[in-house]
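Worksheet for the structure shown next.
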Amino acid sequence: MMNYVIGLDLGTHYTRIWKPEEGIVLRCPTAAAIDSRTHHVVALGSEACRMIGKTPEHILAYRPVAEGLITDFEVASRMVTGFFDAKRLCTLFRRPAVIVAAPYYLDQVHQLAVENAVLEAGARSVAIIPGIYAAAAGERLDVRSPRAHLILSVGGGVAEAAVISSGNVIHAKTLRVAGDRLNMAIVSYLKNRYRLLIGESAAEALKLKLGTADPKLDRGQMVVRGRNAISKLAESRAVDARDICEAMTPAIDAVARLAESVVQEAPHELERELYGMGIMLTGGSALLPGLGKALSQKTGMRVVVSQNPQDAVIQGLGRIASHPELMGEPLTFRRR
Ligand SMILES: Nc1ncnc2c1ncn2[C@@H]1O[C@H](COP(=O)(O)OP(=O)(O)OP(=O)(O)O)[C@@H](O)[C@H]1O
Ligand SMILES: [Mg+2]
């Protein structure tokens, strides 16, 4: 029988699945609602997202991944099962081997959580690889070449920077500063500057509409509704793109320092090569206008921004599933 290998990217915000012949078959918010009495899945993906915070006591509606790690095993495992079932990935006669992307530094507890969630969903076997390596393969960097590449991914929950060469991650670092942190920075900025309290989803909307990492890029204004921090009364005010840019600047500085430090800590011989190659910027937050330019100014390195940054990891998992030789060392699969 032909090898049946699928890819799974369990992101903080989105789960994506790749399957042979068909490519990306699922792109869904990482969320599930479970009935705690029957352990049945009540809702998955977007529908479950809408239920968060609004469910009766016996329904657990969560986003089970935070900062790239499974934080609620029960919900995560039911969710993966639900996604596999919805796409009929496991049948009585055919169970897939699954390649899963995960943050580079994964402790044993989180590693087991990922493996067990996938095996419980019916997989035949599971292998974990660094998501940042998959992203590099997805961006079609020549990961097997002895030349060193620098890749920076800024997703929803984590930013990761890595030096990749000869089929391996040479050095990598993870920072819990990404899309969610940008939203939190917007929330606290508006609170401190205008005494305006808004929620995280309003901050996300502001970021998408007005957000820019380039102070010269003016994206106008937007009226946002919140509460006054002192009187607690409802209040609306027009927020400027410049406010959003200023709010996000410290987080963007931190991402720039992450990339710089990975270069500085990599073997010395590679430093010049890396400066020559520049940074490949990917992950959903790479869609923030001006981010490539800002990071280039802050690091002094050339930055290439991905064309399709949200799918880099899953595309890479698909490439690795079809061409295992893209990995410097053979994958080790754990079986049920
Ligand atoms: N146009 C945009 N401007 C700014 N941010 C954006 C834009 N589009 C998407 N994002 C951000 O991208 C993030 C999602 O990216 P992505 O899908 O790579 O995350 P993820 O894989 O679920 O998370 P992670 O890899 O961190 O676990 C969200 O925080 C979202 O706000
Ligand atoms: Mg991701």
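Just so you know, all these numbers are worked out from the coordinates, no wet-lab data involved. From a predicted model like this one, the values you see are computed outputs, not experimental measurements. Every residue, glycine as well, gets a Cβ built from its backbone with ideal geometry; the counts of neighbours run over all protein chains shown.
Among the DSSP helices (H) of the chain, those spanning at least 18 angstrom by Cα along their long axis with an average Kyte-Doolittle hydropathy of 0.0 or more are 73-86, 241-265; this is a geometric and hydropathy rule only. With K and R counted +1 and D and E -1, the other residues having a Cβ less than 12 Å from that of ARG334 yield a net charge of +2. Straight-line reach from LYS232: taking Cα to Cα under 23 Å and skipping same-chain neighbours fewer than 8 places apart, the lysines in range are LYS54, LYS191. By the equivalent-ellipsoid construction on the alpha carbon gyration tensor, segment 35-89 comes out with semi-axes of 17, 14, 11 Å, ordered largest to smallest. Placing +1 on each Lys and Arg Cβ and -1 on each Asp and Glu Cβ, with no other charges, gives the chain a dipole about its Cα centre of roughly 700 debye. Taking a straight Cα-Cα cut-off under 12 Å and skipping sequence neighbours fewer than 8 places away in the same chain, the aspartates and glutamates within cross-link reach of LYS216 are GLU246.
The Cα-based radius of gyration and maximum Cα-Cα distance (Dmax) for segment 217-283 are 19.6, 59 Å.
Here the residues MET280, MET301, ranked from fewest to most Cβ neighbours within 10 Å of their Cβ, fall in the order MET301, MET280. With all pairs of separate Cα atoms included, the chain yields a Kirkwood hydrodynamic radius of 20.9 Å. By definition, a body whose alpha carbon gyration tensor gives a ≥ b ≥ c is prolate when a/c is 1.5 or more and a/b is larger than b/c, and segment 179-247 fits this prolate description. Computed from the C-beta positions of GLU269 and THR332 and an R0 of 41 Å, the FRET efficiency is 0.90 to the nearest 0.05. Pairs over the 28 Å Cα-Cα cut-off, from the set LYS173/LYS298; LYS209/LYS298; LYS207/LYS293; LYS19/LYS293: LYS19/LYS293.
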